[in-house]
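Input: a single structure, listed below in structure tokens.
Please treat every number below as a calculation from the coordinates, not as lab data. Predicted, not measured: the structure shown is a model, and the values here were computed from it. Note: ideal-geometry Cβ built from the backbone for every residue, glycine included; neighbour counts use all protein chains shown.
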Amino acid sequence: MGMTITEKILARASGNKTVKAGDLINAKIDVVMCHDITTPAAISMLIEKGIDKVFDKNKIVVTPDHFQPAKDIKSAELHKRLDEWARRHKIRYYYKLGRAGVCHALLPEQGHIRPGEVIVGGDSHTCTYGAFAAFSTGIGSTDLAASIATGELWFRVPESIKFVLNGKLPKGVYSKDVILAVITRIGVDGALYKAMEFVGPALKDMSMEARMTITNMAIEAGAKNGVIGFDATTKKYLARHLKDKKAYKVFESDADTEYSSVEEFDCSKLEPMVAMPHLPSNAKPISQCKGMAMDQAYIGSCTNGRIEDLRIVAKIFKGKEVKIRTIIVPATPTIWKQADDEGLFDVFYKAGCVISAPTCGACLGGFMGILAAGEKCISTTNRNFVGRMGSPKSEVYLASPATAAASAIEGKLVDPRKYI
Amino acid sequence: MAKAHVYKRNHINTDEIIPARYLNTDNEQELAKHCMEDLDAGFVKNLSKGDVIVAGDDFGCGSSREHAVWAIRGAGVATVIAGTFARIFYRNAIDCGFYLIESKDAVERINGGDEVQIDYDKGIIEDKTTGQRIEFRPLPDFALEIIRDGGLLEHIKKSK
């Protein structure tokens, strides 16, 4: 029986010829991602246990992002602990304020993600990097501490579910709509402990940015990792971005691999989707939910805060004004600069939006756009749990940047296709 | 005696267990004050040390914040019994040396306020209120080893 791409990557990382789903392995980590919420605790643990060391200062990437620039005294203290530690250990890739960005947009952009490698990060959306034919998964602070100190971590090799994305996406329908439809079909624990492997012709037309939106939300179906195979698009992106030009290893699933299940989707029949409160699996086609009044639009995050997303939004906003408060958060300084250079900020300003510095911000109810009780927000983020963006009595509706932009113009949920 | 605090809903997530507005600290006692706040504002007040949480499937889904485990542990909860656990929460708990019990049977049979006694090694929950004896499968051996060592970091120190 053949192996999945996930099994092959984990076999390499654990020094085994083969591994199979269910095996417990110890894997070598290629990149450890650290941010301001979960890393300070990991640092404290290491100091307390007397193992305050880093396994390789070149393989740890640090970027404060959740509450940066510091939103209050307590988060400033977290940043201070992170900064002191990163300097003391001479972490090579430490992105300070001004270079720091939303981690899952920043690491691929700055060329830290390579196919065939194992990446862990103290953030659940670390699964994003699977778009590059890599194994990546989110971990908590103790696992993070162990990874930082030893460069190794235990894993149970996951079973894989194959998602076949057939057809071509219609105009105005994006990868965000695809992943919302996938999660809605299988449920928020539909891939619990498993790998979500995405294949099929619809992926061919998607940029790396669009693919990252898909793998980013694998965790919203409970998955350990999401993964997309390597192709010409991956190769081209890596040629532009990779820090280290040395050869990488490309793995692909064998043809005779067994999957725990196979799910087929006809993407050509998809409509723009909106996930109703309070689960990402509550998505409805826009035709079934349009007209609902919104109070705020939020465009940003590791799911949809990339340049491609901002371009889509600017195209819709051009020459129009928004009806509700609209917050635009370019995910990294490079994206911010690019958006400015391309004249997108001019469009956003004229439309009446506010443009934020790169941060995770209000996506997780931190700052920069918190909701009051009873308010509704159309958001390009990844979670709409109770209280996610503010008051436990507020509501978050997840959608693509196009749907969020169109809805901002009318102040209610609308089908973006009339603006495209 | 441990009292069961029962929430039979599925997908109780990390934002409900410890909202992100409190993540500007990693102090366990600070976090504990807000444990389960967005799900049940009275939770901490009604809890006695050693009580247990009983919940539906996919408990702890969402964020990777270990703060969720710390908040629960810091509040004095002895264990969480759930139908299933979200994977990062599950790992985090083991890594911190905190027991979890996966048992759909227990979730179905234990009622809110029941007095329970748990034998973790044998895998038995005794519901003293109803007189039921509920068997569960203890955590896998590798996980128990980590928990017995006092968490992953101690475990690593020991095995190196």
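At 20 °C and a viscosity of 1.002 mPa s, what translational diffusion coefficient does Stokes-Einstein give for the stretch B:22-110, taking Rh as the Kirkwood radius over Cα pairs? Give it in µm²/s as a whole number.
164
Figure the gain on full extension for A:MET292 and A:ARG88 (residue separation times 0.36 nm, minus the Cα-Cα span) and round it to one decimal in nm. Mind dumping the intermediate values first?
On the way: separation 204, 0.36 × 204 = 73.44 nm, distance 5.18 nm.
Answer, rounded to one decimal: 68.3 nm.
Relative contact order for chain B using alpha-carbon pairs under 8 Å, separation at least 6, rounded to a whole percent?
23
Roughly what would the spin-label model give for B:GLU115 and B:GLU30, points 7 Å off Cα along C-beta, in nm?
3.8
Give me the tail of P(r) for the protein assembly as shown as a percent: Cα-Cα pairs with distance above 34 Å.
Numbers: 60644 of 167910 pairs.
That tail contains 36 percent of the Cα-Cα pairs.
Divide by every residue of chain B the summed helix terms, -39500 (n - 2.57) for each DSSP H run of at least 4, and state the resulting mean residue ellipticity at 222 nm, rounded to the nearest 500 deg cm²/dmol.
-8500 deg cm²/dmol
Treating the beta-carbon of each Lys and Arg as +1 and of each Asp and Glu as -1, no other charges, what is the dipole magnitude of chain B about its Cα centre, to the nearest 20 debye?
Using Cβ point charges on Lys, Arg, Asp and Glu, chain B gives about 180 debye.
Mean residue ellipticity at 222 nm from the helices of chain A, using -39,500 (n - 2.57) per DSSP H segment of n ≥ 4 over the full residue count, to the nearest 500 deg cm²/dmol?
-9000 deg cm²/dmol
Grab the eigenvalues of the alpha-carbon gyration tensor for the stretch A:274-419, scale each by 5, take roots, and send me the semi-axes largest first in whole angstrom.
22, 17, 13
From the alpha carbon gyration tensor of the stretch A:123-197, can you work out the equivalent ellipsoid semi-axes (sqrt of 5 times each eigenvalue) and give them in Å, largest to smallest?
29, 13, 12
Work out the FRET efficiency for B:GLU126 and A:ASP346 from their Cβ-Cβ distance, taking R0 = 60 Å, and round it to the nearest 0.05. Intermediate results must be reported in sequence, preceding the final value.
Values: r = 69 Å, r/R0 = 1.15.
With R0 = 60 Å, the Cβ-Cβ based efficiency is 0.30.
Relative contact order for chain A using alpha-carbon pairs under 8 Å, separation at least 6, rounded to a whole percent?
RCO, chain A: 18 percent.
Taking Cα pairs under 8 Å and at least six residues apart, what relative contact order does the stretch A:1-67 come out at, in percent?
31
With respect to the cross-link table entries A:LYS17/A:LYS57; A:LYS28/A:LYS249; A:LYS284/A:LYS418; B:LYS33/B:LYS157; A:LYS57/B:LYS160, which display a Cα-Cα separation exceeding 24 Å?
Exceeds cut-off: A:LYS17/A:LYS57; B:LYS33/B:LYS157.
Of A:LYS28, A:LYS176, A:LYS49, which is the most mobile in a GNM of chain A whose springs link Cα atoms less than 10 angstrom apart?
Checking each option, the largest mean-square fluctuation is seen for A:LYS49.
Pull out the extension gain between A:ARG185 and A:ILE73, defined as 0.36 nm times the separation in residues minus the alpha carbon to alpha carbon distance; nm, one decimal.
36.1 nm is the gain from fully extending A:ARG185 to A:ILE73.
For a quick check: with amide H placed at 1.01 Å from N, whose amide H comes under 5 Å from A:GLU117's, ignoring anything fewer than 5 positions away on the same chain?
A:PHE135
Mind jotting down a quarter of the surface of the convex hull over the alpha carbons of the stretch A:1-160, in square nanometres, one decimal? Numbers along the way, then the final one.
Numbers: hull surface 36.6 nm².
Value for the stretch A:1-160: 9.1 nm².
With no solvent and one equal point scatterer per Cα, compute the Debye intensity ratio I(q)/I(0) for chain B at 0.10, 0.15, 0.16 Å⁻¹ and report its log10, rounded to two decimals.
For chain B, the Cα-only Debye profile gives -0.33, -0.76, -0.87.
Efficiency by 1/(1 + (r/R0)^6): what FRET value for B:GLU154 and A:GLU321, r their Cβ-Cβ distance, R0 = 60 Å, to the nearest 0.05?
On the way: r = 59 Å, r/R0 = 0.98.
Between B:GLU154 and A:GLU321 the formula returns 0.55.
Put a dot 7 Å past each Cα toward the Cβ at A:LYS245 and A:ASP205; how far apart are the dots in nm?
Reported label-point gap for A:ASP205 and A:LYS245 is 3.5 nm.
Tell me, how many Å apart are the Cα centres for the stretch A:365-386 and for the stretch A:248-288?
Here the two parts' Cα centres lie 24 Å apart.
Work out how much length A:LYS171 to A:LYS57 would gain on full extension: take 0.36 nm times their residue separation and subtract the Cα-Cα distance, in nm to one decimal.
36.5 nm
Counting only other chains, what is the mean number of Cβ atoms within 10 angstrom of the Cβ of each residue in peptide A:193-200?
1
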